[in-house]
Each structure stands twice: as C-alpha cells, then as structure tokens.
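Each value in this text was obtained by applying a stated rule to the coordinates, not by laboratory testing. Source: prediction; values computed, not measured. No Cβ is skipped: glycine too gets one built from the backbone with ideal geometry, and neighbour counts run over all protein chains shown.
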Amino acid sequence: MKIKKKKSLRGNLTFEDVLLDTLPNPVYYKDMQGMFIRCNTSFAKLLGTSKQKIIGNSAYDFFPKTVTDRHKIIDKNIMSTLKPYEDEVYFISNKGEILYFILNKAVSLHPNGEVAGIVCVMNDITQRIKEKEFLIQQSKFAEMGEMIASIAHQWNEPLVELSAQIQKMQLYYTMDKINKDKMSDFVNDSMIQIQYMSETLSDFRNFLKPSTLKKNFGIKKAIRDIFDIVGKQIFYFNIQVIFDFEEVKDEMFIYGYENEMKQVLLNIINNAKNKIVKVNESSDLKGKINIRLSFCNDYNLIEIKDNAGAIKEEIKEQLFEPFFTTNVNGTGFGLYMAKIIIEDKMHGKITAHNDKNNAIFTIKIPKSKEK
C-alpha cells in the first residue's frame, strides 16, 4: 500500500510539473521562510537560469534587495490575513530590458489548514504598459504649445536683464571706465540670468522624459516644479494661485510615476487657466486657481479648483472620454490620458464636480506604503 501511495504521489507531482511548465505565465511557490520550493520553466527562463538552481534559494539571490524587502513584508501580511494580493512590479531582464508584471499572490495551505507558504502567478503586461507610455508621450507633446509659451514668459525677464547689462558694458567702454571689478560684476550678473534660463530648459526636458519606473516622490515638490515652468505665464494673466497646504505640514509622498503625475496636474491647471482667460474676454473676472492637499483614510487628496464657471451638466460625463473637447484647438486627449495615468497606472481615482460656480477636479492617490 505504501509503495502504491508513493507512486501515486510521485505521479501527481510529475503531472503538476508538466502542467505548470505548459503555462506561459511565470509561476513559483515559496515556503514560510521565503525559500523557493517549486517553479515552472517560464519563471526560470525569466530569471535566466534553471529550475534546479532556483529551488532552495530565496528571492534575495535573484532580485534587488529593496524589491525583495518590500515583498517580504507583503508575504508576511498575506500569510497572516490569508487574503490574496495583487501588485504591479517591474523586472530588468539579462538583456537590460524593463519588463512589467502583475503579481497575483495567494496563500498555500497544508491539508490540516496550516499555512505552507505563498503561491504566485505572474502576468506579463510589458506590451500594454509600452502602448500606454506611447499614448502618454503623445499627450505630453500636445501640451508643448503651452509649455513653449511658458518658457517664452520665463525667458522674457532674464533676456531684458542681459540686454541691459550688455548696454551698460558698452556705455562703460565708450567712457573708458571698464576695470576688473566692473567686468567681474558683469560676468556674475550675466551668469545668474543664464543659469536661470538653463534651469528652465532643464525643467522642460525633464517633463518630456517618460517615467518608466515607479518611485516615491513628493507632491509638493512636483507642484513647485510645474510652477517653475508655467508660473510666470499664469501670473501674467493676473490669475491668483492659492496653495492650500495647511493640512499637509510636511511633504506628501506618493508612490508612482512622477513625470506622468506632473503631466496630469499641468493639464488640469492649464485647462483652468484657459477657462479663466476665455471668461475674461467678455467680463472682468478676478481669476483664482486653488490647489489643496489633504488626507483621507488610505488616500492622498489633491483638489484643483477654479472660479471660471461650473462644468455644464450635459458634458460632465464626457470629460474623460477620448477626443472630447470644448476647446477649438484642443485634442480631447489631455483629460483622457489623466484618467489613464491616475486610475490605470497609479490605482487612484480622478473625478470632476461643481461647487456652486466653481469647477473642482479631485485626484485620490493611495498613500505610499514604501518606507
């Protein structure tokens, strides 16, 4: 009887191995100590090694320590709650290519109901992520007109200052009053203006770069970076910007894609600015944009409010649809991509509603669980 049971068990294990190896998805099993006790061929291929070399080792032998530390905490929580867990991660292949996966983790139990370890099935979403990144970059280019106009405003003052400095030096030269000190002052003052212009271009280049990896970043700093580029243009139109950060004394950290988050904020702020400018063509509105940060349970809240009139009820449901726009020169792409970035890539929520004659866009982003 014992021999038959052993043969039956061995046959079941062989069948399971064959079944696992037919799956295109990488699959692995870990015990309670985090050691790999089983995996399929797809997982071994992903790591660029054999199944034999994976079994008996831990994730620390194959993945970066920061990632492994994070999932060690996640696994511990899963085993204590017995609840499944889904997470989006990236993996750098042996060829240097960034691959993206959805991890679906669940607890494995012994026949007596005790926890045996963790089972994980990985779903490759690299192609989907790359397609979205392409659309997001296209959306960024749609914002370039606004960005270039902002840079023109940013550069106006330093160019005027440089022009004055050069004329002053020419005057000193004709009066034969140039000396070492005056030349040094001229160079220093000129370099300050040139440095400012250079930083503006650097901010613009950084904005255009795609954020390929999630990371922790401060939302206050992200807002400051945006206003370093577009602030002068907004103030040029006499629009008052109110930063309501009273509830958030320190920095508010978000785990996600920094440049894409900036793109969302920039789009909403630019939309508010353009609405105010349009209203001012036929009335004398003292334009205001209010940016408020706050907390709510497991979420960080960002609210952007403008006083250029409520959103019409008949278009409210269409705001985030592709190619819908009320702007003659608009692409109808900005708010649609904002929804993709916030809800699909960063697992948050973006909505729009009215408060009397004010339009409010609310962004909810999960609080960072990273240390």
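What does the extension gain come out to for LEU171 and LYS215, with contour length at 0.36 nm per residue minus their alpha carbon separation?
Details: separation 44, 0.36 × 44 = 15.84 nm, distance 5.29 nm.
That pair, LEU171 and LYS215, stretches by 10.5 nm at full extension.
Fewest first, what order do LEU103, LEU23, LEU301 take by the number of other Cβ atoms within 10 Å?
Fewest to most other Cβ atoms nearby, the residues stand as LEU23, LEU103, LEU301.
So for each of 262-272, 42-52 I average, over its residues, the number of other beta carbons within 10 Å; can you give me the resulting order with the highest mean first?
Numbers: 262-272: 23.7, 42-52: 16.0.
In decreasing order of mean packing, 262-272, 42-52 become 262-272, 42-52.
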Which residues qualify? For GLY117, with a placed amide H closer than 5 Å and at least 5 residues away or on another chain, they are SER108
If the chain between ASN357 and MET32 were fully extended at 0.36 nm per residue, the gain over the current Cα-Cα distance would be 111.3 nm
Simple spin-label estimate for ASN57/ILE194, 7 Å along Cα→Cβ, in nm, reads 5.3
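Give me the extension gain from PHE295 to ILE73: residue separation times 0.36 nm, minus the current Cα-Cα distance, reported in nm with one decimal. Walk me through the numbers on the way to the answer.
Working: separation 222, 0.36 × 222 = 79.92 nm, distance 2.41 nm.
Roughly 77.5 nm would be gained on extension.
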Applied in sequence order to region 284-294, the curve 6.51 cos²θ - 1.76 cosθ + 1.60 (Karplus, θ = phi - 60°) yields integer Hz couplings, x standing for Gly and Pro, of 9, 9, 8, x, 9, 10, 10, 10, 10, 10, 7
For LYS177, the aspartates and glutamates lying under 15 Å Cα to Cα, once residues fewer than eight places off in the same chain are dropped, come out as ASP185
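Which order do the peptides 63-75, 354-366 come out in when sorted by mean C-beta neighbours inside 10 angstrom, highest first?
On the way: 63-75: 14.5, 354-366: 16.8.
Ranked from most to least packed, the peptides come out as 354-366, 63-75.
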Karplus ³J(HN,Hα) for region 177-193 (6.51 cos²θ - 1.76 cosθ + 1.60, θ = phi - 60°; Hz, whole; x = Gly/Pro) runs 10, 7, 9, 4, 5, 5, 5, 5, 4, 4, 5, 4, 4, 5, 5, 4, 5
For region 2-124 (alpha-carbon point model, no solvent) the Debye-based log₁₀ I(q)/I(0) at q = 0.10, 0.12, 0.15, 0.17 Å⁻¹ works out to -0.33, -0.47, -0.72, -0.92
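Among the listed pairs LYS215/LYS356; LYS83/LYS215; LYS262/LYS286; LYS286/LYS312, give every one whose C-alpha distance is greater than 29 Å. Numbers along the way, then the final one.
Numbers: LYS215/LYS356 37 Å; LYS83/LYS215 26 Å; LYS262/LYS286 26 Å; LYS286/LYS312 21 Å.
Those over the limit are LYS215/LYS356.
Using the structure shown, select from LYS249/LYS273; LYS221/LYS249; LYS30/LYS130; LYS65/LYS132 the pairs with a Cα to Cα distance greater than 19 angstrom.
Numbers: LYS249/LYS273 27 Å; LYS221/LYS249 13 Å; LYS30/LYS130 30 Å; LYS65/LYS132 28 Å.
Result: LYS249/LYS273; LYS30/LYS130; LYS65/LYS132 exceed 19 Å.
Could you calculate the FRET efficiency of ASN25 with GLN318 from 1/(1 + (r/R0)^6), where r is the beta carbon distance between them and R0 is 35 Å, rounded to 0.05?
Details: r = 37 Å, r/R0 = 1.06.
Efficiency for this residue pair is about 0.40.
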